[in-house]
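Step one of this worksheet: look at the structure below.
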Ligand SMILES: Cc1cc2nc3c(=O)[nH]c(=O)nc-3n(C[C@H](O)[C@H](O)[C@H](O)COP(=O)(O)O)c2cc1C
């Protein structure tokens, strides 16, 4: 089993990474492989609503990390998205990546356990956390929780490590995700995935 952890900060080894690494450490301790995918610090196009991904399963923009991230997410058993807090929201480049990653009509993230984590200096953690969870709750993904809302506080990795409660929240999240992944794996021959109705889309038009 493996979990994809998306580092949505421009800093490869910053605060968000420090939190993700703590989660990954617990997953690894339970025998689960992890990949930390850094979105980088180059521009990431927003979705242009061309709907081409509906046909091809790929985004038409091939010059940024989105398609690579989609391929990793399809192969992963669980997905964790981490972001720094920018003005009480996630990093805009990360939102651009996630918009395009989740807009795929036939994406394969259904029933993969997911979680968001955020890193802030002082405020806006809950709002950013809520925003990231929206991607999962529209995608049939079970959300893994922890003992508190998943946030660490600090302006540098050293400060984040001093946030003892935040780091414990990350470890609990890793343990909880490992537990759920093992439950799903153990029951795969016993409990079928839920039946899905054909999707109804009404657009609020009679
Ligand atoms: C443009 C920008 C906006 C920010 N807005 C907030 C904010 O609203 N609340 C907050 O607590 N920290 C804010 N910060 C600080 C970062 O969220 C914080 O330092 C974070 O831990 C950095 O994570 P990183 O090292 O992974 O990039 C902001 C930083 C930047 C660059």
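The values are calculated or read from the model by the stated rules, or taken from the named source; none is laboratory data. The structure displayed is predicted, hence computed values, not measured ones. Note that each Cβ is placed from the backbone with ideal geometry, even for glycine, and that neighbours are counted across all protein chains shown.
Exactly one residue out of 167, 101 is at pLDDT 95 or above, closer than 16 Å to residue 16 by Cα and crowded, with 16+ Cβ neighbours inside 10 Å: that is 167. Here is a check on your reading of the model: is residue 126 on the phi < 0 side of the Ramachandran plot, touching a strand residue (DSSP E or B) at 6+ places or on another chain (Cβ under 9 Å) and part of a loop (DSSP other than H, G, I, E, B)? No. Number of residues in segment 113-154 that are within 16 Å of the ligand (Cβ to nearest atom), surrounded by 14 or more Cβ atoms within 10 Å (Cβ to Cβ) and farther than 15 Å from residue 91 by Cα equals 5. Residue under question is residue 86, and the condition is that it be within 16 Å of the ligand (Cβ to nearest atom) and out of contact with any helix residue (DSSP H, G or I) (no Cβ under 6 Å at 6 or more places or on another chain); does it hold? Answer is yes for this residue. Annotation note: of 31, 57, 62, the sole residue that is more than 14 Å from the ligand (Cβ to nearest atom), modelled with pLDDT under 95 and at positive phi is 57.
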